[in-house]
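Working notes, beginning with the structure itself.
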Amino acid sequence: ASSLLLCFRTSLVPLLIFGLLLQPPLTQLSIITQPNIVLLMADDLGIGDVGCYGNDTIRTPNIDRLAKEGVKLTQHIAAAPLCTPSRAAFLTGRYPLRSGMDAINNYRVIFWNGGSGGLPPNETTFAKILQRQGYTTGLIGKWHQGVNCESRNDHCHHPLNHGFDYFYGMPFTLISDCQPTETPEMDRAFRRKLWLSTQMIGLVTLTAALGRLTGLISVSWKTLTCLAGFSLLFFVSWFSSYGFVRYWNCIMMRNHEVTEQPMVTDRTTSLILRESISFIERNKHRPFLLFLSFLHSHTPLLTTEKFLGKSSHGLYGDNVEEMDWMVGQVLDAIDKEGLKNTTLVYFASDHGGWLERHEGKRQLGGWNGIYRGGKAMAGWEGGIRVPGIFRWPGVLPAGTVINEPTSLMDIYPTVVHLAGGLLPQDRAIDGRDLMPLLRGTVEHSEHEFLFHYCGIHLHAVRWHQKDSGSIWKAHYVTPIFRPLGAGGCYDRGFCPCFGEGVTHHDPPLLFDLSRDPSEAKPLSADTEPLFDTVVRKIGRAIEEHRRTLTPVPEQLSVYNVVWKPWLQPCCGTFPFCWCDKEGDN
């Protein structure tokens, strides 16, 4: 028996060695396991603001390090040129109009924490799927996808109702109104009209009262009382919201609890960084998803004293360099916990830089490099082409540059696949799994067509003709730049999606981005032999795409966008909403 056992053991050793040789390399094994996932998203950052995308004056060594150690995408496209719809598409992997998160009017983003619109509860975010797969999920920073539907505490749009186990940050977005020293930004032109109307009504009331007292005007006291009551009611109706923007919108929350109302902006950056690192440290022994949604580089450009005056591009450059430092701190935390090789890190911006944002001679918005247009412009590349960087040592080849069209919506199927989850089968998913492209196992992106919407209005379509390498782009609607010859809508501050501020093109303006990435020279049937063929092909793609759309409730309708006192998050007894629980701690 002992000799048989010895013989068995002797024969087992070669078999084990042979079995080990047949094992796939570590790179293959890493795909099977569930990596940690860290998603870093900048706010309003232009593609031209980052060193690895050509900027040689703003210092971004940590973002550049990500690109050096990973994969850089040069045609990474946002699904919308503004925060709310772009982030809705990012979270769901679907064009925002599929979830009702694109506007039918000029209110193209969520305007109030006390509004009723937001990411619908029946949408399935990637966080919700990863949560089911055993991931601990956290969102730190900006949300801007709504809070409540019908009551102050139903939290139907809240991050915790969309798959995140932990939330710390702003349910809204950073705006200049959050900084008492800055000029108010929110609905500035509309507020001016409201003030003017209030003054006119008040002047009429005062004139009538003086006329009655002096006997120059025959008007009853009852009429005067009604007029005065109307004046007061009109003033209260709008000042109760717009007069307290800082209290209603500039708040911080931890999970469902309001912790600062209004937020103390001097410490916001340090708290967001602290929470992000703490989340990594708490969850280092199990798979986690961290979505760090920066408040940088949105106005009012909150920047700590350490970085003020350090860049060559004023306050905006200071702010970008501080964000890069924060990226470095997060990467250092990942390294410190020994998680570098088991963590996929992704960096992007939600859309292009805001060209028109300036105060006097101070430029407060980003730069989009060689690309035409910017924030709010859905067709031109500057509004939707953003940085896109992935790093996963040992799995993704370092120093790789990919020139294929990709989308922020692609993050959805990519992370779901890595977590071992399944995509929803009851709805259209517009994103594509990027792992084969990132790892170099396929040559081309799965995207043949990408549709560029401004609100619910289709402005442009991109066709990736893979057999020729051409990337055609047809513009059906473009904004009218003011002043003439400028690169943006400086008269409005934002370019519109429809109406008198746009031009419709039939036939469309056509560009080949592979030859003309700046979209400087539109092609015609005279200069491009394939013009008619390309336009017909894109036209058929639009027809097929529209057949996949179904009507859904409009989350950004006027009713859903307006402020509703009964939905306002409040850390006290409404309307006495103020607290500083971070300061108390």
Residue match in segment 280-291 (condition: buried (at least 24 other Cβ atoms within 10 Å of the Cβ) and at positive phi): no
Selected residue (only one of D491, D430 is within 30 Å of G365 (Cβ to Cβ), under 21 Å from the mean Cα position of the chain (by Cα) and acidic (D, E)): D430
Leading residue by the ranking (farthest from the chain's Cα centre (by Cα)) among those in segment 320-337 that are of a type in the set (D, E) and closer than 27 Å to G366 by Cβ: D332
Subset of segment 293-342 [surrounded by fewer than 22 Cβ atoms within 10 Å (Cβ to Cβ), in contact (Cβ under 8 Å) with a residue 40 or more places away in the chain and hydroxyl-bearing (S, T, Y)]: S311, S312, T342
Considering residues of segment 266-279 that are small (G, A, S) and either over 13 Å from Q329 (Cβ atoms) or touching a residue at least 24 places away in the same chain (Cβ under 8 Å) (or both) only, the residue most open to solvent (accessible area, probe 1.4 Å): S270
Residue that is surrounded by fewer than 11 Cβ atoms within 10 Å (Cβ to Cβ) and under 26 Å from T259 (Cα atoms), where the choices are T181, T214, T173: T181
Residue in segment 469-476 that is closer than 16 Å to I402 by Cα and of a type in the set (V, I, T) present: yes
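For every residue, the table says whether it meets (1) touching a helix residue (DSSP H, G or I) at 6+ places or on another chain (Cβ under 9 Å); (2) part of a helix (DSSP H, G or I); (3) assigned by the TED database to the domain that holds P387.
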site	(1), (2), (3)
I58	yes, no, yes
P85	yes, yes, yes
L91	yes, yes, yes
D102	yes, no, yes
Y107	yes, no, yes
L130	yes, yes, yes
G134	no, no, yes
Q145	yes, no, yes
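If I go through segment 354-384 residue by residue, how many of them are over 17 Å from R492 (Cβ atoms) and modelled with pLDDT of 95 or more? Give the steps one after another, and end with the answer.
Step one: of segment 354-384, the residues over 17 Å from R492 (Cβ atoms) are 360-363, 366-372, 381, 384.
Now drop any that are not modelled with pLDDT of 95 or more, which leaves 366-372, 381, 384.
Result for segment 354-384: 9.
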Options Q555, Q568: the member that is crowded, with 19+ Cβ neighbours inside 10 Å, over 28 Å from H447 (Cα atoms), at pLDDT 95 or above and within 27 Å of the chain's Cα centre (by Cα): Q568
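Yes or no, residue by residue, for (1) open to solvent by less than 50 Å² (accessible area, probe 1.4 Å); (2) more than 30 Å from P413 (Cα to Cα); (3) out of contact with any strand residue (DSSP E or B) (no Cβ under 6 Å at 6 or more places or on another chain); (4) assigned to a loop (DSSP other than H, G, I, E, B):
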{"site": "V461", "(1), (2), (3), (4)": "yes, no, no, no"}
{"site": "S468", "(1), (2), (3), (4)": "no, no, yes, yes"}
{"site": "W472", "(1), (2), (3), (4)": "yes, no, no, no"}
{"site": "V477", "(1), (2), (3), (4)": "yes, yes, no, no"}
{"site": "R515", "(1), (2), (3), (4)": "no, yes, yes, yes"}
{"site": "E519", "(1), (2), (3), (4)": "yes, yes, no, yes"}
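For the structure I just gave you, tell me whether G373 is in contact with a Lys or Arg (Cβ under 9 Å, 6 or more places away or on another chain) and open to solvent by less than 10 Å² (accessible area, probe 1.4 Å). Step through it out loud before you land on a result.
Working: in contact with a Lys or Arg (Cβ under 9 Å, 6 or more places away or on another chain): no; open to solvent by less than 10 Å² (accessible area, probe 1.4 Å): yes.
Answer is no for this residue.
Here is a yes/no grid of residues against (1) surrounded by 19 or more Cβ atoms within 10 Å (Cβ to Cβ); (2) at negative phi; (3) in contact with a strand residue (DSSP E or B) (Cβ under 6 Å, 6 or more places away or on another chain); (4) not charged (D, E, K, R):
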position	(1), (2), (3), (4)
L423	no, yes, no, yes
G455	yes, no, no, yes
G487	no, yes, no, yes
D491	no, yes, yes, no
T527	no, yes, no, yes
Residue among A460, A474, A428 that is touching a His at 6+ places or on another chain (Cβ under 6 Å), modelled with pLDDT of 95 or more and closer than 27 Å to P551 by Cβ: A460
Residue tally, condition buried (at least 24 other Cβ atoms within 10 Å of the Cβ), of a type in the set (S, T, N, Q) and in contact with a Pro (Cβ under 7 Å, 6 or more places away or on another chain), over segment 123-170: 0
Residues of segment 480-510 classified as out of contact with any helix residue (DSSP H, G or I) (no Cβ under 9 Å at 6 or more places or on another chain), over 24 Å from Y107 (Cα atoms) and outside any loop (DSSP other than H, G, I, E, B), total: 3
Failed criterion for G114 (all others in (1) part of a helix (DSSP H, G or I); (2) surrounded by fewer than 23 Cβ atoms within 10 Å (Cβ to Cβ) hold): (1)
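The values are calculated or read from the model by the stated rules, or taken from the named source; none is laboratory data. Everything numeric in this text was worked out from a predicted model, so none of it was measured. A quick note on method: Cβ atoms are made from the backbone with ideal geometry, for glycine too, and the neighbour counts reach across all protein chains shown. Only protein heavy atoms, including side chains, enter the accessible area calculation; ligands, DNA and RNA are left aside. Shrake-Rupley method; radii C 1.70, N 1.55, O 1.52, S 1.80 Å.
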